[in-house]
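The values are calculated or read from the model by the stated rules, or taken from the named source; none is laboratory data. All values derive from a computational prediction rather than experimental measurement. Because the Cβ atoms are built from the backbone with ideal geometry, glycine has one as well, and the counts that use them run over all protein chains shown. Heads up: the accessible areas ignore ligands, DNA and RNA and are worked out on the full protein's heavy atoms, side chains in. Shrake-Rupley method; radii C 1.70, N 1.55, O 1.52, S 1.80 Å.
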Amino acid sequence: MALPLVVGVVSGDVLPAVAATLGAYFTGFADLTGPYRRRLRLGFALALCGALSVLLGALANPYAVVAVLLVAVWGFIAGLLTSLGPSGTRVGITGLIVLIVIGEQPQELSQALVAAAAVFVGAALQTLLAIAPWPVRGYAPERAAVAAAYRELTDVDPAGGGPAYPVVLEAHAALRGLDPQRHRAVAGLRMLLDEVERARGEVVALAVLRARLADMGQQEAADEVGAVIDAAAAVGATIAERLTSGPDELHPELVPALDEALAKAVAAVRARRDAPGRAPLTRRGAAARSAALAGQLRAARRIAEATDPRQRKHAAPSNNPVDPGDPGDPDIPDHPPTAPVFLMPADEPITVLRANLRPSSEAFRHALRLAFTLAAVASALVALGLPRGYWLLLTVAVAIRPDFSATVKQVVDRVAGTLLGMLVVSALLEWVVSETWQKMALVPVFYFLLRTVLAANFALGAAAMAGNAVLIADLLGASAGQLIPERLTYTVAAGVIALAAYLAWPTWERSTARETLADAIESARTYLRTAADPDASDTDVDAARTAARVALSNARDSAKRLADEPGTPPGLVDLASGVSVHASRLVQGGMALEAARDMYPEGLSRPEARTFAGHVDTALAAISTALRTGRRPKALPQLRADVDDLIAVAPSARLATFATAADRLTDGIGTLNHLLRQDSKGAPEPASD
């Protein structure tokens, strides 16, 4: 932000300097964080988008009708780009803002070319500074993403209501597009990510087993399982520290001590597995899971040490006497550290955009709403000839959001923040700042405040944004005394227009919530079916798990938006909240099922296992249909009887782990069925087949 202004002061050419500053401003506003490759692509996409917006705006500016149509088309594109996620949203809204702020200014073609070039240079400068640590820090963002997964390894809720482990999705996204065949560090990070996912499955299962042991009065056994989980959490945190800080910052005795603590905890659980007393099946399952978890964490530590040049020479010897791959123990599996890894597939942007070109798409409706509103406001500004009316257009463009609660929050925060920012800037311009260089110096200061507080409080970020807008406009020749009341008036008017536009054609969450919840159940159904299929590859299972997590995240977001909408029936809010929680239980149950698959894949071919998997698939299909139709679900298969059959043959068929996962899934499906029957009271029974 500061460098172009310094050049402008030295050269005496303020306008190109301000244009370059705006390019840097909007690119930085897009939040260039994450992997360096992603920052580079996004930054230069924003630079090209901003330069194109300036040129198109300058060419269309002399022709009022063309200018209005251009704003409408650009608004539609920006709205549709929200379907691509945060990056697409940033590119679209940045291009729209640049078009409104710079492209709407009357300019000769030569001036427009200079302004476009300046915007591109400013955006490119911001991007290059954002990736400047790349040669020194290497894969630091990717390492941090994988480390976060290890830090949250044991953050689970045995009731199924805990977090959906989104850090794994973020880690997959961070590693996307990197070739593990060409970079040893990338290959190591992919293996580490695979190990933490498998370890997470063991932790989920152990949390369930601990709760079951406690319920059955086996408190000492439950405490021993809890000690394994606690020791695993400490080891996971140490692996995370190795990934982000290096071994020099760790006490030399820490790693051996943690290995020993985990080994002792696992040994205690194994010693109790065949002891007399209740819950022998549960205790044997806990022993197998504990040893498998310890082996996975040791493998993860070895991978972290072997793939980082900083850490290989510091590798600490393991003092763990427990070998999870002991061939003399048929209950304990071996988990090699070179397990296959999964790279989450990315949808092609063109395919995603094409899929959203339909009226039922939320992104499409948002795009039309934004386009029509901007066209109407731009037409009114042309007819009325309001001075600096582009501020009204700009605020409308950023205030309208795809959902109601976000639109309301955006309007309220922006109005409050603008008022605060205007008061601060007016006081500065009145009593403190008068010289051009002083105003230029304040621009990066306000930008620093904006980037510092925006993530925590949008109203304060809007205040810094408003202050910067007045300063930049003042540098371009406008009078701050006129700007401040105009800005306040336009902001309030834009808020009213944005709310009116949304209410005129709303996309109420209650109209799409059932479909979103059903999609989450369907994705969980696909995941469970794939995990229970002995012929499915590890890559297929990983892909199904990732899709289920994404769908679950969408369901939770939908439930939150639903609760914020006015006029939503309380019963629907309760249903959405309950389904999203218990869909999480299905996904966590699937992770427990994966552990059974890893330990004894031949057990999945047993008729008892196949019968249960088929009945689960049928039950979830009925639940998904009931969610979409709002009608009472059909009678579900007797899953509890299937679980009893599994438990009966578990010791001889090596299905103990599968039986544990099956019991968990049965509980979750039963609760979902209950919720839907409560929701559909008074609805007609579905016709029987």
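Table for the structure above
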{"item": "Single residue of GLU224, GLU202, GLU197 found to be closer than 28 Å to ALA304 by Cβ and over 31 Å from the mean Cα position of the chain (by Cα)", "result": "GLU224"}
{"item": "Selection count where residues are assigned to a loop (DSSP other than H, G, I, E, B) and not β-branched (Val, Ile, Thr), scope the stretch 393-440", "result": "5"}
{"item": "Residue count, the stretch 494-540 (criterion: closer than 18 Å to GLY201 by Cα, at pLDDT below 85 and open to solvent by less than 10 Å² (accessible area, probe 1.4 Å))", "result": "0"}
{"item": "Subset of the stretch 26-53 (residues that are aromatic (Phe, Trp, Tyr) and at pLDDT below 80)", "result": "PHE26, PHE29, TYR36"}
{"item": "Residue among GLU602, GLU565, GLU594 that is open to solvent by 50 Å² or more (accessible area, probe 1.4 Å), at negative phi, touching a residue at least 60 places away in the same chain (Cβ under 8 Å) and touching a Lys or Arg at 6+ places or on another chain (Cβ under 8 Å)", "result": "GLU602"}
{"item": "Search result, residues across the stretch 443-458 that are at pLDDT 85 or above and surrounded by fewer than 21 Cβ atoms within 10 Å (Cβ to Cβ)", "result": "PRO444, VAL445, PHE448, LEU449"}
{"item": "Condition met for SER379 (among the small types (Gly, Ala, Ser), farther than 27 Å from LEU450 by Cα, in contact (Cβ under 8 Å) with a residue 24 or more places away in the chain and open to solvent by less than 60 Å² (accessible area, probe 1.4 Å))", "result": "yes"}
{"item": "Flag for ASP689 being under 32 Å from the mean Cα position of the chain (by Cα), open to solvent by 10 Å² or more (accessible area, probe 1.4 Å) and modelled with pLDDT under 80", "result": "no"}
{"item": "Which listed residue, of ALA531, ALA551, ALA543, ALA559, is in contact (Cβ under 8 Å) with a residue 12 or more places away in the chain, among the aliphatic types (A, V, I, L, M) and over 25 Å from ASP598 (Cα atoms)", "result": "ALA559"}
{"item": "Residues located in the stretch 632-670, provided they are of a type in the set (Ser, Thr, Tyr) and open to solvent by 80 Å² or more (accessible area, probe 1.4 Å)", "result": "SER652"}
{"item": "Search result, residues across the stretch 195-234 that are open to solvent by less than 10 Å² (accessible area, probe 1.4 Å) and over 19 Å from THR660 (Cβ atoms)", "result": "GLU195, VAL196"}
{"item": "Residue in the stretch 611-631 that is under 32 Å from the mean Cα position of the chain (by Cα), acidic (Asp, Glu) and open to solvent by less than 20 Å² (accessible area, probe 1.4 Å) present", "result": "no"}
{"item": "Helices (runs of 4 or more DSSP H) enclosed by the stretch 254-370 - at least 2 residues per element that are at pLDDT 80 or above", "result": "254-272, 280-307"}
